Amino acid sequence: VLKAMGRLEDALREYESIVKEFPQDVFARTGLAEVLKAMGRLEDALREYESIAKEFPADVVARTGRAEVLKGMGRLEDALREYESIVQEFPRSVFARNGLAEVLKGMGRPEEALREYESIAKESPQDVFARTGRAEVLKAMGRLEDALREYESIVREFPQSVVARNGRAEVLKRMGRLEAALREYESIAKEFPQNVVARTGLAEVLKGMGRLEDALREYESI
């Protein structure tokens with residue numbers, strides 16, 4: 001609860017207290033590592049995850065957490081090897097498979113990332129992360145019509161998915177459909193006024209439409 005409230009220092013102290021009394025409590029130790037990761041203390045988080053994985057090699061949470069930290073540190077080759085190892089041992093771990101696809105995307109291997117995302121989406125059609133990941137790769141590949149269809153499908157099923165809605169607006173902008181992109185960004189910004197992606201996207205579209213005064217006001221308000 002403390003972690004969810006953003007009270008990371010308090011959460012860290014609580015986890016450290018539990019781990020001190022119950023050093024074999026895997027849940028507490030992975031929680032501790034997760035808080036360290038959220039605090040940006042990636043080296044500390046990595047050491048904690050590696051310690052857990054060494055003692056409890058079947059703990060998927062610790063192994064995927066380690067891979068996430070490696071990815072966050074930019075150590076993509078190491079993260080890829082870790083994800084591949086997890087997926088080989090636990091092929092039903094959707095979290096690990098999504099992580100694998102994300103690393104492949106980050107490494108500039110879009111075709112492989114797309115295949116992985118499509119495989120996950122086929123098996124787990126309600127997995128929004130995999131479907132938005134697929135749309136992101138299609139967008140990056142310049143397959144804008146395919147990306148738009150995927151985003152629109154996600155938005156119909158999950159209208160509160162801000163990632164999908166921002167993605168749809170971005171594709172509309174790239175396609176030159178500025179009026180449609182503007183309406184989408186305005187809708188998102190109205191519902192989620194703290195969403196910086198939507199508001200900067202809105203300003204970009206206004207700039208592209210030549211509405212420079214409006215764009216300037218939007219940028220300044222951000």
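Pairing the Cα long axis of helix 162-174 with the longest principal axis of the chain, what angle in degrees results, from 0 to 90 and rounded to the nearest 10? Taking Cα atoms only, the helix is inclined about 40 degrees.
For the peptides 112-122, 184-194, the ranking by packing is 112-122, 184-194, with the highest mean count of neighbouring Cβ atoms within 10 Å listed first.
For region 110-207, count the residues as N, evaluate 2.2 N^0.38 Å, and divide the Cα radius of gyration by that value, please. Could you put the intermediate results ahead of the total?
Values: Rg = 13.2 Å, N = 98, 2.2 N^0.38 = 12.6 Å.
Rounded to two decimals, the normalised Rg is 1.05.
Cross-link candidates for K173: which lysines have Cα within less than 23 Å, leaving aside residues fewer than 8 places away along the same chain? Cα-Cα hits under 23 Å: K105, K139, K190, K207. For region 121-218, the Cβ-based charge dipole about the Cα centre amounts to some 120 debye (Lys, Arg positive; Asp, Glu negative; other atoms uncharged). Please determine, in degrees from 0 to 90 and to the nearest 10, the orientation of helix 76-89 with respect to the longest principal axis defined by the Cα atoms of the chain, where the helix direction is its Cα long axis. So the helix axis and the longest Cα principal axis differ by about 70 degrees. Adding -39500 (n - 2.57) for every DSSP H run of four residues or longer, then dividing by how many residues the chain holds, sets the calculated 222 nm ellipticity at -24500 deg cm²/dmol.
Calculate, in nm to one decimal, what E84 and L2 gain on full extension: separation in residues at 0.36 nm each, minus their alpha carbon distance. Mind dumping the intermediate values first?
Details: separation 82, 0.36 × 82 = 29.52 nm, distance 3.26 nm.
The E84-L2 span can extend by a further 26.3 nm.
Normalised by 2.2 N^0.38 Å, with N the number of residues, the alpha-carbon radius of gyration of region 152-201 equals 1.02.
Over the chain, average the accessible area per residue using a 1.4 Å probe and give it in Å², no decimals. Walk me through the numbers before you get to the answer.
Numbers: 11960 Å² over 222 residues.
On a per-residue basis, the chain sits at 54 Å².
Seen from all directions on average, region 1-89 presents a Cα convex hull projection of 5.5 nm². Counting only lysines at least 8 places from K54 when in the same chain, those with an alpha carbon closer than 22 Å to its own are K20, K37, K71.
Computed over the Cα atoms of the chain, the ratio of the radius of gyration to the Kirkwood radius (Rg/Rh) comes to 1.04.
Round to a whole number: what % of the accessible area of region 1-124 belongs to carbon and sulfur, probe 1.4 Å?
On the way: 3570 of 6770 Å².
For region 1-124, the apolar C and S fraction of the accessible surface comes to 53 percent.
Expressed as a rounded percentage, what relative contact order does region 34-121 have, with Cα pairs under 8 Å and six or more residues apart? Provide the component values of the computation, followed by the final result.
Numbers: 89 pairs, mean separation 16.2, N = 88.
The value is 18 percent.
The values are calculated or read from the model by the stated rules, or taken from the named source; none is laboratory data. Note that the structure is predicted; figures quoted are calculated from it, not measured. For neighbour counting, all protein chains shown are included, and Cβ atoms are generated from backbone atoms with ideal geometry for every residue, glycine included. Side chains are part of the model used for accessible areas, which takes the heavy atoms of the whole protein and leaves out ligands, DNA and RNA. Shrake-Rupley method; radii C 1.70, N 1.55, O 1.52, S 1.80 Å.
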